[in-house]
1. Could you give the length gained on full extension between residue 58 and residue 459, defined as 0.36 nm per residue of separation minus the Cα-Cα distance, in nm?
2. Check which residues have an amide H placed less than 5 Å from residue 369's amide H, if you skip close sequence neighbours.
3. In nm, give the distance between the simple-model label positions of residue 474 and residue 105, each being 7 Å from the Cα along the Cα-to-Cβ direction.
4. Under 11 Å from a point placed 7 Å out from the Cα of residue 346 along the Cα-to-Cβ direction: which residues of the stretch 288-332 have their backbone N that close?
5. From the cross-link list 83/182; 244/399; 182/379, which pairs have alpha carbons spaced over 23 Å apart?
6. Please give me, ordered by residue number, the GluC sites (Glu not before Pro) of the stretch 228-325 that lie in loop per DSSP and have at most 10 other Cβ atoms within 10 Å.
7. Suppose we keep just the DSSP beta bridges with both residues in the chain; what percent of those would be antiparallel, to 5?
8. On C-alpha positions alone, give me the angle between the axis of helix 436-446 and the longest principal axis of the chain, in degrees, nearest 10.
Amino acid sequence: MLWRDLSVAAVLLLLCVQRLHGSALPAVSSYEFTAYRMQQYNVAQHKHGCRGAIVVAEARSVDEPVLTRRCVIMKVLDFSTEKFLEAQRQNAAALLILLPKNISSIPHDAVQSFMVSESEVLLKETLMPVYVAPEDEQLLYMYEEVKQAAATRTSSIFIRVLRSMVTATAFQILVSNNVPIKAITDNAITTLEGVLPGKGEDAPTIVITAHYDSYGLAPWLSYGADSNASGVTILLELARLFQKLFSSSSTRPLYNLMFSLSGAGKYNFLGTKRWIEENMDHAESSLLHDNVEFVLCLDTLANSDELYMHVSRPPKPDTPMYSFIQLLEEVVSSRFPWVKVGLVHKKINLVESAVAWEHERYSLRRIPSFTLSHMEDPKSQLRGSILDTMSQVDFRKLKRNGIIIAEALARFMYNLSDKGSPKDVQVFKGQMDFQDGRMSSLMSFLASVPRAAQLLDKEPSHILLVNSLEHEFKRYLQQVLRHTFRQDRRDPDITFFDQMSQPVVMYRVKPAAFDLFLGGCIAAYLGIVYYTIQNFGYLYTKLKAAVKSKHQ
């Protein structure tokens, strides 16, 4: 009986060891992917974003009670300000957020929740490296494994220890770039301008402007579809349509129409600030010097049935801006009565260094201006999020908002109301209508390239984007100028930092406890073999007696 028990035990132990060894992932198995580091920049004396880049740590779920010196893995649905601060408090080694390929699959409430947390996190400074990586099969497998490991915390201590020693798979995350993070102070900021000249030498000027850069948790994943590819798309379509009206002397209005696309809008509208200074303080002749009726700034116009006109001071009656706003409301009430229109008055706080909207840059120089947006709150999280992709765009509403702006401009410049034209008159129809295909192509092109300010003069695809915008200006406008502003290296307005994109290696290994367990199993097996050899005569006698009794 003793021999039989020892034999069965030895066989079972051997099978167990072979099974465990066969199920273990090879220690050299690895997977390399690209992750994008969280924003890091300085504005004046204020520091934003994460200061770290190097990661050498084991992956753990955010649900784990202990995160110290671990790389915390989470999905967009898991991310919150509270969990971010908890990881910071526990001195987590890093944070890796997995971004789904299809943003539209995320519930609306989850998108809003992420955007709120994203904006709050970007206001803070942290030494903990924070990365964002697009989801793929391998990363999702890792996420499910660490999630499952965290779920076993509710099991008994014995089961948890056994699972950790035998079945658990550990994932080691490695970002081993030893090059120190360097400051970048030589970024170029490009602002484009173009004009459609009106009749007469001293014709008043209307300025239409939008900023084209984007912002979000990670620069390389900031596509800014609604904010502000929508404003750029409408501006370019307005340039095309009004070029047709200005091309004929019979339909050319008594107004100059000036268009501007500004850079660094997400950083206190620095491109707009420098462009205004260039035109008003340095240029000998500029349309901004005098006789500007108003400046219309386009910002986040690709969604919602609400339109807000943001002003620094309410326009006085009998002023051009007041008349235009009245016409804008008239177009909405006559053709799109379901759209809510509102006027939002916000004074400029001169104590604060940052401005809320682009029009405030013009208001500071006493140029009448306002911003048109479907956002009521300037601090809305949608104005700077990596989730602001094409999923946030409603093309029907984008086109509708473009039509409202175009019709109001035409009524103002041609004085159609005083000429007795009906309130529902349509200037832009037929061949003069907004082109769905063109607007869709413009939006898709703009939202296919991350337009973070620190990338636009460094990468070939981003330089091509700015060149393409300039080409569009030259196609429809006259007197097209490209203003490139360089920062003062000794005292830059914005300081960016490199290493925004990093190769990351994920090693799939067994924990160290598994090696101890496997060593114990092998030692036990060898002990059984050794005992069998040392007591072979005794065991043989017992086995012979057992066989003889079985035959009898």
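1. Working: separation 401, 0.36 × 401 = 144.36 nm, distance 3.29 nm.
Once the chain is fully extended between residue 58 and residue 459, it gains 141.1 nm.
2. HN-HN under 5 Å from residue 369: 295.
3. 4.3 nm
4. Counting backbone N atoms under 11 Å from the label point, the list is 310-312.
5. Working: 83/182 29 Å; 244/399 19 Å; 182/379 30 Å.
As for pairs spanning more than 23 Å Cα to Cα, those are 83/182; 182/379.
6. Numbers: sites: 237, 277, 278, 284, 293, 306; in loops: 284.
Answer by residue number: 284.
7. On the way: 42 of 81 bridges.
Within the chain, antiparallel bridges account for around 50 percent of the total.
8. Helix 436-446 sits at roughly 60 degrees to that axis.
We did not get these values from a lab; they are worked out from the coordinates using the rules stated. Keep in mind it's a predicted model, so treat the numbers as computed, not measured. Neighbour counts run over all protein chains shown; Cβ positions are idealised from the backbone, glycine included.
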